[in-house]
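A.B. asks: Have a look at this one before I ask anything.
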Amino acid sequence: MKSLKLSVIAALMFTLGACKSAEEYVEIPAEVMDDKVKGAWAGKMIGVMYGRPMEFVSNSDIYRDSIKWDPKNIEAALLEDDIYGQLNFMKTMELYGQDVSIDSLAKNFAYAEFALCHANLQARKNYFDGIPAEELSYPENSIHCEDIDFQIECDFIGFVNPCMPQSSNKMCEKVGAIMSAADGMYAGMFVSAMHTLAYEKDDPKEIVLAALNAIPAESGYAQCVKDVVACYENDPEDWKAAWDFMAGKWAPYDICTPYLPFNIDAKLNGAYVVMGLLYGHRDWAKTMEITIRCGQDTDCNTATAAAVLGIIDGYEAIPDIYKSYLPEIADRCFSHTDYSYNKAVSQTLEFIKENVEKNGGSVADQIYRIKRQPVLPAEYVKGFAGLEIAELVPVTEIDRWTMVGRWEDFVYGDGDDAPYKVATMPGDSIALEFEGSGIAILGSWNTDGGRAEVSIDGKPVKIIDTYYVAEAGKYEGNRAYLFYILDLPEGKHTFSMVNSAENNGKSTAHKLYVEKALIYK
């Protein structure tokens, strides 16, 4: 009976909203708001575990095998970084307020006792290296800045800002700057905007189109999403045709992992989220299945899509097959946090009340009266659009590299058998001639990592520090970028690097771990 009551209230609310779209305020009954917040976090948990077994299983083709689900699978969501990572930011805001400084957010994230990868890992190292929190993920400081990381961790921002996409964007600018920029930032803004709009709108296409207004129209992310919408409008049933088009047009542009089959670029994975929402037609099973069958980062993408549905439908309307076991674990804490599902819901509601009142609304008599905010785009920042990998040059191609000094062979083992060359003494140098518009040097950071002076075409351009508090770069999917420069004039260039006599005072040696070079065009 409760489910029917909520659905009637929601239907009435949306009808009134449609008839009075010009009204300044949106009114949401407290019972409906509670249900939507519960649905948001439940959707995130359901989606992440629905897609978890297929994560990066299918990277250059549609996933065609069976998809299985057991309601108890949701229990493992308590261990998912897709959730506890963003709960770290929520906890910092709980402790210091939602207006907490970006430095406090970055510090608590950097010193959190959980492992990080890609953009998050680079942000942590940059923070330890003394880069200001506001600059951690400038494109010149992080080649990972357009990775999927913020798209994964932004959900709570939309959750706590119902019908307030400007407030959401403002929060994204602070949290997202820690690990993202350009299209990486716009990914988080777009997803968060979808969440804010889902509190009032119930049509996925309408939500997608409105959320696009939160990011610059000229951005690659916006163009990518628009391509999905165009495919859908051409044929709202043939998602496989859309997949073919998107894979051909957008898959090559993953700056972070262009040498691997999997793709963690925010744009392509964001496109798969949108495909699931559009072609799924609000059906939970169909939405999650399509998102998964698109491949790549399936657990993250399905979690994002399901969270949008969770807000639209509310917890009570989620099919029992997905949520039936959630009450069994609702008071157990997510890994690395003191948040349970129930606490995440209650804290989200506290933040919502604060944000509604701070932005000109009110919460009284069991009604949230929210001052509607127009959806306005963030400022455009250019990222790495249009760059492709031209060639790979591993250190085993010794005729291409010039090495001077005591360079030793090195292999991690334990499943990572890629050959390295390791500089061991100050003065050791390495050089490579290449043709293109950019170069990146892949290797590892470590507790014995040294510093080096890097030159391009004989001119010093940067001092790099490869020391890190732990071994970082083992396994090819998470290599460390020792150096990169991506805006050279197209043509012939020379990269060179000399091991420095000065190292980080915390480092135990002067080693430089080099595995390969990526040449871009």
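A.B. asks: Among the residues that make up the range 97-106, is at least one of them within 30 Å of residue 293 (Cα to Cα), surrounded by 20 or more Cβ atoms within 10 Å (Cβ to Cβ) and touching a residue at least 60 places away in the same chain (Cβ under 8 Å)? Before the answer, list the steps.
C.D. replies: Start the filter on the range 97-106 by keeping residues that are within 30 Å of residue 293 (Cα to Cα), which leaves none.
Within the range 97-106, none of the residues are within 30 Å of residue 293 (Cα to Cα), surrounded by 20 or more Cβ atoms within 10 Å (Cβ to Cβ) and touching a residue at least 60 places away in the same chain (Cβ under 8 Å).
Conditions (1) more than 20 Å from the chain's Cα centre (by Cα); (2) β-branched (Val, Ile, Thr), marked per residue:
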residue: 237; (1), (2): yes, no
residue: 250; (1), (2): no, no
residue: 257; (1), (2): no, yes
residue: 289; (1), (2): yes, no
residue: 296; (1), (2): no, no
residue: 305; (1), (2): no, no
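A.B. asks: Also, quick follow-up: Against the conditions (1) assigned to a helix (DSSP H, G or I); (2) buried (at least 24 other Cβ atoms within 10 Å of the Cβ), where does residue 121 fall short? Just the number, please.
C.D. replies: (2)
A.B. asks: Among the listed residues 411, 454, identify the single one that is within 24 Å of residue 118 (Cβ to Cβ) and open to solvent by less than 60 Å² (accessible area, probe 1.4 Å). Steps first, please.
C.D. replies: On the way: 411 fails: open to solvent by less than 60 Å² (accessible area, probe 1.4 Å).
The conditions single out 454.
A.B. asks: While we're looking at this one, here's another question. Read through the list (1) closer than 26 Å to residue 371 by Cα; (2) in a helix (DSSP H, G or I); (3) modelled with pLDDT of 95 or more, then give the number of the only condition that residue 27 fails.
C.D. replies: (2)
A.B. asks: Right, something else. Out of everything in the range 64-99 that is assigned to a loop (DSSP other than H, G, I, E, B) and within 19 Å of residue 339 (Cα to Cα), what residue ends up being farthest from the chain's Cα centre (by Cα)?
C.D. replies: First pass over the range 64-99, keeping only residues assigned to a loop (DSSP other than H, G, I, E, B): 64-70, 80, 97-99.
From the residues that got through so far, the ones that are within 19 Å of residue 339 (Cα to Cα) too are 80, 97-98.
Details: 80: 14, 97: 23, 98: 21 Å.
That would be 97.
A.B. asks: Next question. Across the range 43-60, what is the number of residues that are open to solvent by less than 10 Å² (accessible area, probe 1.4 Å) and assigned to a loop (DSSP other than H, G, I, E, B)?
C.D. replies: Number satisfying all stated conditions: 0.
A.B. asks: Just checking, does the range 328-338 include any residue being part of a helix (DSSP H, G or I) and either of a type outside the set (Val, Ile, Thr) or open to solvent by less than 10 Å² (accessible area, probe 1.4 Å) (or both)? Spell out how you get there, then give the answer.
C.D. replies: Restricting attention to the range 328-338, the residues satisfying the condition of being part of a helix (DSSP H, G or I) are 328-329.
This time we only want the ones that are either of a type outside the set (Val, Ile, Thr) or open to solvent by less than 10 Å² (accessible area, probe 1.4 Å) (or both), so: 328-329.
Checking the range 328-338: at least one residue is part of a helix (DSSP H, G or I) and either of a type outside the set (Val, Ile, Thr) or open to solvent by less than 10 Å² (accessible area, probe 1.4 Å) (or both).
A.B. asks: Starting from the range 435-463, take each residue that is free of Cβ contacts under 8 Å to residues at least 40 places away in the same chain and at positive phi and list its partners that are part of a loop (DSSP other than H, G, I, E, B) and aliphatic (A, V, I, L, M), counting only C-beta distances under 9 angstrom and pairs at least six apart or across chains.
C.D. replies: Hits for this filter: 457/488.
A.B. asks: Got at least one residue in the range 190-205 being free of Cβ contacts under 8 Å to residues at least 40 places away in the same chain, closer than 21 Å to residue 264 by Cα and within 20 Å of the chain's Cα centre (by Cα)?
C.D. replies: Among the residues of the range 190-205, at least one is free of Cβ contacts under 8 Å to residues at least 40 places away in the same chain, closer than 21 Å to residue 264 by Cα and within 20 Å of the chain's Cα centre (by Cα), which makes the answer yes.
A.B. asks: Additional query: Exactly one of (1) within 17 Å of residue 160 (Cβ to Cβ); (2) touching a strand residue (DSSP E or B) at 6+ places or on another chain (Cβ under 7 Å); (3) of a type outside the set (Ser, Thr, Tyr); (4) open to solvent by 60 Å² or more (accessible area, probe 1.4 Å) is unmet by residue 356. Its number?
C.D. replies: (4)
A.B. asks: Among the residues of the range 393-405 satisfying the criterion of being of a type in the set (A, V, I, L, M) and open to solvent by 70 Å² or more (accessible area, probe 1.4 Å), which is farthest from residue 515 (Cα to Cα)? Working first, answer last.
C.D. replies: Going through the range 393-405, the residues of a type in the set (A, V, I, L, M) turn out to be 393, 395, 398, 403-404.
Filter once more, so that each one left must be open to solvent by 70 Å² or more (accessible area, probe 1.4 Å): 398, 404.
On the way: 398: 12, 404: 16 Å.
It comes out as 404.
A.B. asks: Enumerate the helices (runs of 4 or more DSSP H) found wholly within the range 158-255, keeping only those where 1 or more residues are modelled with pLDDT under 95 and of a type outside the set (A, V, I, L, M, F, W, C). Quick ask: steps written out before the conclusion?
C.D. replies: Values: elements: 165-176, 183-198, 204-212, 220-234, 239-250.
Counting at least 1 such residues, we get 239-250.
A.B. asks: So in the range 423-437, with the set limited to residues that are charged (D, E, K, R) and open to solvent by 20 Å² or more (accessible area, probe 1.4 Å), which one is farthest from residue 395 (Cα to Cα)? Before you say what the answer is, go through the steps one by one.
C.D. replies: Here is the first cut: in the range 423-437, the residues charged (D, E, K, R) are 428, 433, 435.
Checking the rest, the ones that are also open to solvent by 20 Å² or more (accessible area, probe 1.4 Å) come to 433, 435.
On the way: 433: 13, 435: 17 Å.
Per the criteria, the residue is 435.
A.B. asks: Kindly indicate which of 80, 55, 75 is closer than 19 Å to residue 307 by Cβ and at pLDDT below 95. Even if it seems obvious, please write down each step before you answer.
C.D. replies: On the way: 80 fails: at pLDDT below 95; 75 fails: at pLDDT below 95.
So the residue among 80, 55, 75 that is closer than 19 Å to residue 307 by Cβ and at pLDDT below 95 is 55.
A.B. asks: How many of the residues making up the range 107-144 are farther than 15 Å from residue 472 by Cα, small (Gly, Ala, Ser) and in contact (Cβ under 8 Å) with a residue 60 or more places away in the chain?
C.D. replies: Summing the residues that are farther than 15 Å from residue 472 by Cα, small (Gly, Ala, Ser) and in contact (Cβ under 8 Å) with a residue 60 or more places away in the chain in the range 107-144 gives 1.
A.B. asks: Show the residue pairs that are 6+ apart or on different chains and have beta-carbon atoms under 7 Å apart, the first residue being within the range 487-508 and within 16 Å of residue 431 (Cβ to Cβ), the second being among the acidic types (Asp, Glu) and outside any strand (DSSP E or B).
C.D. replies: 493/457; 494/457; 499/428
A.B. asks: Sticking with this one: Can you confirm whether residue 189 is hydrophobic (A, V, I, L, M, F, W, C), touching a helix residue (DSSP H, G or I) at 6+ places or on another chain (Cβ under 7 Å) and over 22 Å from residue 276 (Cα atoms)?
C.D. replies: In short, no.
A.B. asks: For the structure I just gave you, tell me whether residue 234 is at negative phi, of a type outside the set (A, V, I, L, M) and loosely packed, with under 15 Cβ neighbours inside 10 Å. Talk me through it step by step, then tell me what you get.
C.D. replies: Working: at negative phi: yes; of a type outside the set (A, V, I, L, M): yes; loosely packed, with under 15 Cβ neighbours inside 10 Å: yes.
Answer is yes for this residue.
A.B. asks: Another question, if that's okay. It is to be established whether one or more residues within the range 348-360 are out of contact with any Phe, Trp or Tyr (no Cβ under 7 Å at 6 or more places or on another chain), part of a loop (DSSP other than H, G, I, E, B), of a type outside the set (Lys, Arg) and over 19 Å from residue 155 (Cβ atoms).
C.D. replies: Yes, the conditions are met somewhere in the range 348-360.
Each row is one residue, and each column tells you yes or no for (1) open to solvent by 10 Å² or more (accessible area, probe 1.4 Å); (2) of a type outside the set (A, V, I, L, M, F, W, C); (3) touching a His at 6+ places or on another chain (Cβ under 8 Å).
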residue	(1), (2), (3)
289	yes, yes, no
293	yes, yes, no
298	no, yes, no
304	no, yes, no
308	no, no, yes
312	no, no, no
315	yes, yes, no
318	no, no, no
322	yes, yes, no
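The values are calculated or read from the model by the stated rules, or taken from the named source; none is laboratory data. Owing to the predicted nature of the structure, the values given are computational and were not obtained by experimental measurement. Here the Cβ is made from the backbone with ideal geometry for all residues, glycine too, and neighbour counts use every protein chain on show. Accessible surface is based on the protein model in full, side chains and every heavy atom, while ligands, DNA and RNA are left aside. Shrake-Rupley method; radii C 1.70, N 1.55, O 1.52, S 1.80 Å.
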